[in-house]
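One structure is given below, encoded as structure tokens.
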Amino acid sequence: MKILALNASHRGNQGHTRFLVDKLAKGATDGGAQFEVVTLAELKINRCLSCGKCNTREHYLRCVYDDKDDVRGVFNRMAEADIIVFATPVYVFSMPGLLKTFLDRLYATGDVFDLRLTKSGMFFHHLDPDICSKPIVALICCDNTEKETPQNLISYFRTYAKFHDAPLAGLLVRNAGRFAGHGRDPGAFERAPRLAAAYQAFEQAGYELATTGRVKPSTQKAASQNIIPMPPLIRLLKNFQPVKRKMLEQARKMTRFANGDV
């Protein structure tokens with residue numbers, strides 16, 4: 001089993017995204033899988049020009065940048081993998097431009113004039129199944145605790161999976177990154193007792209990918225759990241503005257504490 005993780009954080013290997021990927025990697029290697037990480041921030045990735053040359057006879061399925069940047073090399077590594085992990089932070093309610101620029105280059109791997117139906121019955125076009133149709137895992141992280149924050153990305157990867165005939169083998173969402181110290185603050189475990197269980201679930205997710213090819217729903221739920229305890233009554237009350245303002249004041253204090261400002 002070969003698992004390839006694409007780390008889309010602009011902070012490269014210094015960010016919370018890489019920290020979570022490493023948790024997944026530990027579980028996967030414990031389960032006997034090979035686990036490779038490609039850090040997109042370290043690569044040269046030119047934007048798609050929409051020139052259409054990749055769909056001409058002379059340049060069929062070859063991008064004009066194939067010999068000028070690192071994208072084709074990443075595609076080749078994707079073709080060699082059994083599972084692809086898209087690991088990304090939330091930037092302005094979506095993916096970082098780094099990942100979108102990379103994904104735009106998939107245009108050169110398919111014949112857009114060869115119309116087809118996907119296995120799920122969607123109208124689409126020819127694509128390279130070795131690159132696009134592997135099982136995928138979406139690993140999404142953000143600082144905010146609002147449930148709405150990662151929804152665009154969750155929707156994106158579900159749609160990607162449907163059109164590309166790529167089974168969604170796991171959906172792991174880790175919020176409250178700043179409150180949790182982005183994985184690098186030992187004091188976070190005191191502020192958020194559930195954090196240890198969430199990180200353990202990321203390792204378990206990697207182990208399950210290595211041994212079964214997918215992450216159990218219970219493991220996804222554990223990895224994505226809210227690490228800030230909130231009783232049902234508080235969850236209800238937090239929708240009222242006066243209560244939410246009080247919560248905001250407390251969150252500001254916690255954030256200053258987490259950053260060492262207090």
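In table form, for the structure just shown:
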quantity	calculated
Cβ-Cβ under 8 Å pairs, at least 6 apart or on other chains, the range 139-158 side in contact (Cβ under 8 Å) with a residue 60 or more places away in the chain, far side surrounded by 15 or more Cβ atoms within 10 Å (Cβ to Cβ) and of a type in the set (Phe, Trp, Tyr)	Leu139/Phe86; Thr145/Phe179; Phe157/Phe86
Failed criterion for Met122 (all others in (1) surrounded by fewer than 16 Cβ atoms within 10 Å (Cβ to Cβ); (2) within 24 Å of Ser9 (Cα to Cα); (3) in contact with a helix residue (DSSP H, G or I) (Cβ under 6 Å, 6 or more places away or on another chain) hold)	(2)
Residue within the range 20-35 that is within 23 Å of Ala210 (Cβ to Cβ), touching a Cys at 6+ places or on another chain (Cβ under 8 Å) and assigned by TED's automatic domain parsing to the domain that holds Leu103 present	yes
Among the candidates Arg47, Arg18, residue that is exposed (fewer than 15 other Cβ atoms within 10 Å of the Cβ) and basic (Lys, Arg)	Arg47
Residue match in the range 159-179 (condition: free of Cβ contacts under 8 Å to residues at least 60 places away in the same chain, loosely packed, with under 14 Cβ neighbours inside 10 Å and not in a helix (DSSP H, G or I))	no
Output for the range 142-154, where each listed residue is part of a helix (DSSP H, G or I) and under 17 Å from Ala8 (Cβ atoms)	Asn152, Leu153, Ile154
Residue satisfying all of: in the range 188-221; in contact with a Gly (Cβ under 7 Å, 6 or more places away or on another chain) and more than 21 Å from Ile154 (Cβ to Cβ); surrounded by the fewest Cβ atoms within 10 Å (Cβ to Cβ) among these	Thr211
Candidate set from the range 104-119 (those that are touching a helix residue (DSSP H, G or I) at 6+ places or on another chain (Cβ under 8 Å) and under 18 Å from Ile45 (Cβ atoms)); member that is surrounded by the most Cβ atoms within 10 Å (Cβ to Cβ)	Ala108
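The values are calculated or read from the model by the stated rules, or taken from the named source; none is laboratory data. Everything numeric here is computed off the predicted structure, so don't read it as measured data. Please note: Cβ atoms are built from the backbone with ideal geometry, for glycine as well, and neighbour counts cover all protein chains shown.
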